Amino acid sequence: MILTEESVKAIKERLKQYPQRKSVILPALTIAYRQVGHLSDEIYQEISRVTKVPYVEIAEAATFYTMFPKEPRGKYLIQVCHNISCALLGADSLIGYLEEKLGIKKGETTPDNLFTLISVECLGSCATAPMMQINYDFYENLTREKVDAILEELKAKA
Amino acid sequence: MSFYSPVITNAAEVARSESLHLFRYVEDPDQYKVETFEKHGGYEAWKKVVTSMKPDQVIAEVKNSGLRGRGGAGFPTGMKWGFVPKDSPKARYLICNADESEPGTCKDRVIMERDPHAVIEGMAIGAFAIGCHRMFIYIRGEFGHCIERMEGAVKEAYTRGHLGKNVYGSGYDLDMVVHSGGGAYICGEETALLNSLEGEKGLSRIRPPFPAIAGLYASPTIVNNVETLAAVPHIINRGADWYKTMGTEKSAGSKIFSLSGHVKRPGNYEVPLGFSLKTLIYDEKYGAGIRDGKKLKAVIPGGASTPFLTPDMVDVGLDYESLQSVGSMLGSGAIIVLDEDTCIVWTIMKLIHFFRHESCGKCTPCREGTGWLEQLVTRIEHGEGRPGDIDKIDDLCGNILGRTICPLGDAAVMPIQSAIKLFRDEWQYHIDHKKCPCPNNHEFK
Ligand SMILES: Cc1cc2nc3c(=O)[nH]c(=O)nc-3n(C[C@H](O)[C@H](O)[C@H](O)COP(=O)(O)O)c2cc1C
Ligand code: SF4
Ligand code: FES
């Protein structure tokens, strides 16, 4: 089993909340993603066993959404919003700055598996642009100075 | 990193105002706790509704208030609730749409983070009005903190007896589920949201049937935006007539505008509908003007899907009718400000990228059309445009508009059509001179 007992329990709890089983697919994928950091056919199988929702239905739904990737990512997933409000305040140059600092291109992971850098669509922080999300935390009103401090802190924590 | 978004709000002004209400307590760091919310009069409207009112009375009050949906379409809320069949033997569902993801829009997140019980209370009243006993809030999956906050608030609401069996001894049972999405803008479109909540891909459904007749699990369902529902308790407490004292004849009440882009003070501001766009951009209390001493070039007044306004058009009221009269829309109330250095073709390139990425792919004009549009616009911006490209873009837009299953197709093309109409010379310059004429110096500091 890849899913921990805790994840399985959480999925079973969620199952009780829905009049129809299939509705648990996204919550279950979210729980699995939060535990593992990516998804796989094996995980779909396990979710299917726990929820009794057919495997194909889980696999099919999962591919539609951006938040359930199959490829493993770095410990810190840096997601920079590149949509209009952020772009007006320098999102492109923020991405360039991060590429330079991390020594990787957008879409890549650092060799130590610490950071993956991607750009994403609007994250609802348009009036505090430019911004990035790292795992589940939002970092807003970014400046070079702030980015330096954030990366240092994460490296120290890792 | 802090739990709260550092976004600027006009909470202090709202607290001094006789009528503004949505943002009254958003700067109070304890407002998210149920005790504080109750101390500020929270859950009184819900108690009144469930212990002393009939569903029809609630619907009538909301209808009379003139409240219109704040999610983008501006549909009258009370009227929508009234569409739910009274005699259906099926369960009914109320869903709060918290998928906020239209570029420029960042208001619902703030309400959920800072005043989550206001959303629960509004949802409860809506649920009662349509006879729903299990209500859902669909929060976009990226909003991890909002989801946590909302889950915490729901737990508290059960503990204090605002939710659960036999609420306040009224005999009414009401449960609430916090559901998180998987990262797809299209799931904010209400029928795609229903599919997603059912565990399917987030593809839009063909209407009819409308959700009010056959929505979630083929049962009567109402979908409302976070801000719409957050206004409802105030309407119950203070009455429809009070609500109508704000705004214009056809656009009643107040609204939160997310102001972003090249203003000195970007932020979320609650003002009455009909408020002057010019004041919001230039007044020191709000946007405080264009940054770095630059001049205004254009405004997108209602989120990434609405047509542009030029500087001569910004002396306009922020309400559904006034914006329509100048060729644009109120949309989600996301005002995006562009300074004189910003290229319109570049702006469109950013916008169309978003819509191409978010197209669910169900209908050909939208799936293929947004792809072609992105290619054409990108090549023009990069100085590789060919004679005739502008007309090609215009034709493509015409072939998408009104020919798709859901409004995302229209949303993608409306800003493009207006950008060509208002700034045709700038498009032509890119093609004639094989380069972009604008500084576009959007440096991050
Ligand atoms: C592509 C697309 C995305 C949408 N996204 C949202 C959204 O994130 N939040 C929202 O409340 N409404 C969104 N809407 C509007 C909903 O379909 C629906 O009209 C709204 O939730 C109804 O609530 P209201 O009447 O309170 O505005 C979207 C519509 C479209 C076409
Ligand atoms: S218009 Fe676009 S997003 Fe809407 S249903 Fe068609 S393909 Fe999907
Ligand atoms: S445009 Fe970047 S967060 Fe909205």
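Observations
- Test for B:Leu422: is it in contact with a Pro (Cβ under 9 Å, 6 or more places away or on another chain) and within 16 Å of ligand 3 (Cβ to nearest atom): no
- Within the range A:120-137, the residues that satisfy the criterion of being at the interface with another protein chain (Cβ under 10 Å from one of its Cβ atoms), in a strand (DSSP E or B) and either within 17 Å of B:His442 (Cα to Cα) or open to solvent by less than 20 Å² (accessible area, probe 1.4 Å) (or both) are A:Gln133, A:Ile134.
- Which numbered condition A:Ala149 fails, given (1) farther than 13 Å from B:Phe444 by Cβ; (2) part of a loop (DSSP other than H, G, I, E, B): (2)
- Residue tally, condition open to solvent by 10 Å² or more (accessible area, probe 1.4 Å) and in contact with a helix residue (DSSP H, G or I) (Cβ under 9 Å, 6 or more places away or on another chain), over the range B:266-275: 2
- Selection count, the range B:100-146, where residues are acidic (Asp, Glu), within 20 Å of B:Ser305 (Cβ to Cβ) and open to solvent by less than 10 Å² (accessible area, probe 1.4 Å): 1
- Within the range B:360-370, the set of residues being away from every other protein chain (no Cβ under 12 Å) and open to solvent by 20 Å² or more (accessible area, probe 1.4 Å) comprises B:Cys363, B:Thr364, B:Pro365, B:Arg367, B:Glu368.
- Enumeration of residues in the range A:76-117 that are within 8 Å of chain B (Cβ to nearest Cβ), part of a loop (DSSP other than H, G, I, E, B) and not aliphatic (A, V, I, L, M): A:His82, A:Asn83, A:Gly90
- Test: residue in the range B:389-406 that is crowded, with 23+ Cβ neighbours inside 10 Å, within 15 Å of ligand 2 (Cβ to nearest atom) and part of a helix (DSSP H, G or I): yes
- Taking the criterion of being open to solvent by 10 Å² or more (accessible area, probe 1.4 Å) and more than 22 Å from the chain's Cα centre (by Cα), the residues of the range B:237-249 that qualify are B:Asn237, B:Arg238, B:Gly239, B:Asp241, B:Trp242, B:Thr245.
- Residue list for the range B:48-63, filter: closer than 20 Å to B:Val226 by Cα and either more than 16 Å from ligand 1 (Cβ to nearest atom) or of a type in the set (A, V, I, L, M, F, W, C) (or both): B:Val49, B:Val58, B:Ile59, B:Glu61, B:Val62
- Top-ranked residue of the range B:164-223 - restricted to ones that are within 9 Å of another protein chain (Cβ to nearest Cβ), in contact with a helix residue (DSSP H, G or I) (Cβ under 8 Å, 6 or more places away or on another chain) and acidic (Asp, Glu), ranked as most open to solvent (accessible area, probe 1.4 Å): B:Glu200
- Single unsatisfied condition, B:Lys350 versus (1) surrounded by fewer than 21 Cβ atoms within 10 Å (Cβ to Cβ); (2) of a type in the set (Lys, Arg); (3) at the interface with chain A (Cβ under 10 Å from one of its Cβ atoms): (1)
- Among the residues of the range A:33-65, those that are in contact (Cβ under 8 Å) with a residue 24 or more places away in the chain, under 18 Å from the mean Cα position of the chain (by Cα) and buried (at least 17 other Cβ atoms within 10 Å of the Cβ) comprise A:Tyr33, A:Leu39, A:Ile43, A:Ala61, A:Ala62, A:Tyr65.
The values are calculated or read from the model by the stated rules, or taken from the named source; none is laboratory data. Since this is a predicted model, take the numbers as computed values, not measurements. Quick reminder, even Gly has a Cβ in these numbers, built from the backbone with ideal geometry, and neighbours come from all protein chains shown. When the accessible area is computed, the model is the full protein with side chains, heavy atoms only, and any ligands, DNA or RNA have been set aside. Shrake-Rupley method; radii C 1.70, N 1.55, O 1.52, S 1.80 Å.
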